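Novice: This is the structure I want to talk about, given as structure tokens.
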Amino acid sequence: MKNATPTWLRHHPDSKNSSAPRRISFGADYNPEQWPRDVWGEDIRLMKQANVDVVSVGIFSWARLQPAQGRWDFDWLDEVMDLLAEAGIGADLATATASPPAWLVTEHPEILPVTEDGVTLSPGGRQHWRPTSPVFREHALNLARTLAERYKDHPALVAWHVNNELGCHNLYDYSDDAAASFREWLVQRYGSVDELNRAWSTDFWSQRYQAFDQILPPRKGTAFPNPTQQLDFKRFSSDALKQHFIAERDVLRAVTPDVPVTTNFMVVGETKGMNFSDWADELDFVANDHYRLPIEHSRDELSFSAATTSSLARGNPWFLMEHSTSAVNWQPINRPKRDGELARDSLAHVAHGADAVCYFQWRQSAGGAEKYHSAMVPHAGEDSRLYRSVVQLGQTLDQLQPLAGTQRAPAQVAVLMDWESWWCSELDSHPTEDLRYRQEVFHWWLALLNEGVRADVVQAHQDFSGYDAVFAPVLHMVPHQLKGRLEDFVLEGGHLVTTYFSGTVDQDDRVWLGGYPGALRDLLGIRVEEFAPLLRDETVTLTDGTLGTLWSEQVDITDSGVEVLRRYVGGELDGSPAVTRRRGGAGTASYVSSRLDSAGRASLLRDLLAGAGVEPEIPQQLRGRIEVTKRVGAQGEYVFVINRTDEPVNLQDFAGHALIGLSAGSRTLASRGVAVFHLQR
Ligand code: GLA
């Protein structure tokens, strides 16, 4: 990422003729092509009323913009762009390449993706294109170039929005185009087929290749496909989409070098196929889409996703490109948000560094697959509770103007997130199929939140040496370099906490021999000979009375500097170590051999944090009830307090002037409320 400041604001129509103050932007995907022209004027009026200052335009407009090969229709978009510019609303203009039009698919059915069992996917939905199709690429770049040429000087243009949620529907394509590109990718990675044979362990099951052109994507076969082939296909598929982004970006940059380019990530739940950690630096600013999921701890998952997005943005401001004002339409049962949740969800993203709060979408569609998805203007129209809440949030964001451009204030503690460990730890033919990597990371982050400890998310390739403590659960893949960095971290005084199934394999998914946890064995001073995953109804008990699920192990201690923090009680492992800590250099390295329940994680955290000299930032009586985040800038620090509960909370322990959230003279934060305190330097 080139810019530390929110570049989309520097391009904003309002800031061209004045030194208009920066603000936290507010807006949505705007799809005026779904509506007759007379609605557009109404849209602008309502946008102004709600303080909307940025909209994403044209995301699914290819069929309207280019009705046939060589034919273009820009009149409607010209008019929309002009209306936006006159109203002082910026356009995050899409390249419109997300969904190819019918004529293109009819003329070139070879752009359609193919599933692992050989089924060609049909048009009629969206994103029906192969990331590696040269035909699709040519048409997409032509569209992007044509749009860039036409709108390069338009006053509404503030940013480019490449495609949309790359990989949402077409991540894994097993077509012949994909096969050819996969081989090229493998040649680049391995240089020789011998090296590939080594990395892929192909002497197993007679899989040895003589030439690259014998290699296929891991299409549906008779038995488990080669694990490293699967892993490389994941790497390749993520790369193929990243390359598509780069190709569109470079076309745009050639025409409008000063206009920032982004695309909307999907850092949310189990969306794992795109290694955004590896993409983020290609964007001029990071943008994310987040939707509340129908899961336990859904609100906290939002914050964890936002913290992860902040780490991708390296603590710089980022753009919340989409979330929902209320219900979505794609869950089995789609419930509306409860009172207060619209604002709290949006502000929680701001708390984690978002400098733009945008939704899918501006006006709820009357037809099409997403007509029951909420929007800023609902079917009920302007006279609705929902639109009034939107207007109110627009006013609240205005009060947060001083925060725009501020950074995440680093925490003392981080949880480590590693996309490749995510991919690799969840491959088939493993000790258990129940392990969910992201849930492991999230649950440690949540345990820290519940203990009142602010924790950043840090990507494995980023520098984590500044943190006092790093939690790296299920860090399954540890290549040589990461091994050395973790050792240095502990040597220099850092406190590392890791768990079962960590350190197990190298970058080729080949096991570090000599006993688990392989690469981390010496650092942890332990050795495990066999994994002992638990059945779904099985638990193990630890000495503090808490329970473990999913996993257990016979942990042998190999270093006299290791202390046992918890032991197993009863069962096969009775009396053997369950949690250990080794002093190494100035720091410590701890190991947790089972999936602790929340009480177990909480009690262990207290011990580990005390040992690491980390104090909770949330007063005892509010722990578990609020979340605290901090942003910092030239004017001082901004402390966000988010009420996670449905009850009011008393914030008498918080100092500073409240920009939002508290009424004059009161220190009571409403149920589901958010307060922001300003502490001047
Ligand atoms: C995604 C897409 C949007 C819309 C929303 C609905 O985020 O980018 O076009 O489909 O989902 O939640």
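Novice: When the accessible area of segment 139-192 is split by element with a 1.4 Å probe, what percent falls to carbon and sulfur?
Specialist: Answer for segment 139-192: carbon and sulfur cover 44 percent of the accessible area.
Novice: How high is the relative contact order of segment 179-227, in percent, counting Cα pairs under 8 Å that sit 6 or more residues apart?
Specialist: 41 percent
Novice: Can you list residues from other chains, or at least 5 along the same chain, whose modelled amide H is less than 5 Å from the amide H of G90?
Specialist: Amide H neighbours of G90, under 5 Å, 5+ apart: V54, V55.
Novice: Could you give the length gained on full extension between R64 and I333, defined as 0.36 nm per residue of separation minus the Cα-Cα distance, in nm? Present the calculation step by step, with values, prior to reporting the outcome.
Specialist: Numbers: separation 269, 0.36 × 269 = 96.84 nm, distance 3.26 nm.
The span from R64 to I333 would gain 93.6 nm if fully extended.
Novice: Strictly greater than 17 Å: what percent of every Cα pair in segment 224-274 meets that?
Specialist: Of all Cα-Cα pairs in segment 224-274, 52 percent lie more than 17 Å apart.
Novice: Sticking with this structure for a sec: Can you give the direction-averaged projected area of the convex hull of the alpha-carbon atoms in segment 624-679, in nm²?
Specialist: Working: hull surface 13.9 nm².
For the Cα atoms of segment 624-679, the hull's average projected area reads 3.5 nm².
Novice: Please work out the FRET efficiency for the pair D281 and V569, using the Cβ-Cβ distance as r and a Förster radius of 35 Å; give the result to the nearest 0.05.
Specialist: With R0 = 35 Å, the Cβ-Cβ based efficiency is 0.15.
Novice: Roughly how large, in nm² to one decimal, is the mean projection of the convex hull of the alpha-carbon atoms in segment 179-227?
Specialist: Quarter of the Cα hull surface area: 3.3 nm².
Novice: Next question. With N set to the number of residues, divide the alpha-carbon radius of gyration of the chain by 2.2 N^0.38 Å and report two decimals. Intermediate values should be presented prior to the final figure.
Specialist: On the way: Rg = 25.9 Å, N = 681, 2.2 N^0.38 = 26.2 Å.
Taking N as the residue count of the chain, the ratio is 0.99.
Novice: Report, for the chain, the % of DSSP beta bridges that are antiparallel, rounded to 5.
Specialist: 50 percent
Novice: Counting C-alpha atoms alone, how compact is segment 134-246: give Rg to one decimal and Dmax as a whole number, in angstrom.
Specialist: Rg, Dmax (Cα atoms, Å): 18.3, 62.
Novice: Given 10 Å bins starting at zero, what is the percent of C-alpha pairs of segment 514-604 in each, up to the one with the largest pair distance?
Specialist: Distribution as computed: 18, 51, 28, 3, 0 percent.
Novice: Suppose each label sits 7 Å from its Cα in the direction of the beta carbon; what would the S465-S671 distance come out to in nanometres?
Specialist: 5.0 nm
Novice: Now a separate question. Pull out the extension gain between H657 and D258, defined as 0.36 nm times the separation in residues minus the alpha carbon to alpha carbon distance; nm, one decimal.
Specialist: Residue separation times 0.36 nm, minus the Cα-Cα distance, leaves 139.9 nm.
Novice: On average over all directions, what projected area in square nanometres does segment 110-168 have, based on the convex hull of its Cα atoms?
Specialist: 5.1 nm²
Novice: So, one more: Calculate for the chain the 222 nm mean residue ellipticity that helices alone would give, adding -39,500 (n - 2.57) per DSSP H run of length 4 or more and normalising by residue count, nearest 500 deg cm²/dmol.
Specialist: One gets -9500 deg cm²/dmol as the mean residue ellipticity at 222 nm.
Novice: Which chymotrypsin sites (Phe, Trp or Tyr not before Pro) does segment 405-480 hold that lie in a coil by DSSP with at most 11 other beta carbons within 10 Å?
Specialist: In loop regions of segment 405-480 (DSSP not H, G, I, E or B), there are no sparsely surrounded chymotrypsin sites (Phe, Trp or Tyr not before Pro).
Novice: Right, next: Convex hull volume of the Cα atoms in segment 369-505, per residue, in Å³?
Specialist: 187 Å³
Novice: Ok, one more. Translational D (Stokes-Einstein, µm²/s) of segment 413-612 at 20 °C and 1.002 mPa s when Rh comes from the Kirkwood sum over C-alpha pairs? Don't jump to the answer; show the numbers that get you there.
Specialist: Values: Rh = 16.4 Å.
Rounded, D is 130 µm²/s.
Novice: Take the residue pairs K234/K337; K152/K371; K272/K337 and return only those whose Cα atoms are more than 30 Å apart. Provide the component values of the computation, followed by the final result.
Specialist: Values: K234/K337 35 Å; K152/K371 33 Å; K272/K337 26 Å.
Correct reply: K234/K337; K152/K371.
Novice: Which value does Rg/Rh take for segment 438-530 over its C-alpha atoms, Rh per Kirkwood?
Specialist: Rounded to two decimals, Rg over Rh is 0.96.
Novice: Using a Förster radius of 51 Å, what is the FRET efficiency between L513 and S298 based on their Cβ-Cβ separation? Nearest 0.05, please.
Specialist: Details: r = 42 Å, r/R0 = 0.82.
Efficiency at R0 = 51 Å is approximately 0.75.
Novice: What full-extension length gain, to one decimal in nm, is calculated for D78 and R219 as 0.36 nm per residue of separation minus the Cα-Cα distance?
Specialist: Between D78 and R219, full extension yields 46.2 nm more.
Novice: Note the per residue figure in Å³ for the convex hull of the C-alpha positions in segment 61-215.
Specialist: 140 Å³
Novice: What are the ³J(HN,Hα) values, in whole Hz, obtained from phi via the Karplus relation 6.51 cos²θ - 1.76 cosθ + 1.60 with θ = phi - 60°, for each residue of segment 156-161 in sequence order, with x given for Gly and Pro?
Specialist: 7, 5, 10, 7, 9, 10
Novice: Apply the Karplus parameterisation 6.51 cos²θ - 1.76 cosθ + 1.60, with θ equal to phi minus 60°, to every residue of segment 275-288 and state each ³J(HN,Hα) to the nearest whole Hz, in sequence, with x for glycine and proline.
Specialist: Calculated HN-Hα couplings, in order: 7, 4, 4, 8, 8, 3, 6, 7, 8, 6, 8, 7, 10, 9 Hz.
Novice: Read phi for every residue in segment 71-82 and hand back ³J(HN,Hα) as whole Hz from Karplus 6.51 cos²θ - 1.76 cosθ + 1.60, θ = phi - 60°, with x for Gly and Pro.
Specialist: Rounded to whole hertz, the list is 10, 10, 9, 9, 3, 5, 6, 4, 5, 5, 4, 5.
Novice: Rounded to the nearest 0.05, what FRET efficiency do D537 and A610 give with R0 = 30 Å and r taken as the Cβ-Cβ distance? Could you check?
Specialist: Values: r = 34 Å, r/R0 = 1.14.
After rounding, the FRET efficiency stands at 0.30.
Novice: Please give the per residue accessible area of segment 376-450, computed with a probe of 1.4 Å over protein heavy atoms only, in Å².
Specialist: With the other protein chains kept in place, segment 376-450 gives 35 Å² per residue.
Novice: Something else: Percentage of Cα-Cα pair distances in segment 63-129 greater than 21 Å, rounded to whole percent?
Specialist: Tail of the P(r) past 21 Å holds 42 percent of the pairs.
The values are calculated or read from the model by the stated rules, or taken from the named source; none is laboratory data. Everything numeric in this text was worked out from a predicted model, so none of it was measured. Cβ sites come from the backbone with ideal geometry, for glycine too, and all protein chains shown count toward neighbours. Calculation scope for accessible area: heavy atoms of the full protein, side chains included, ligands and nucleic acids excluded. Shrake-Rupley method; radii C 1.70, N 1.55, O 1.52, S 1.80 Å.
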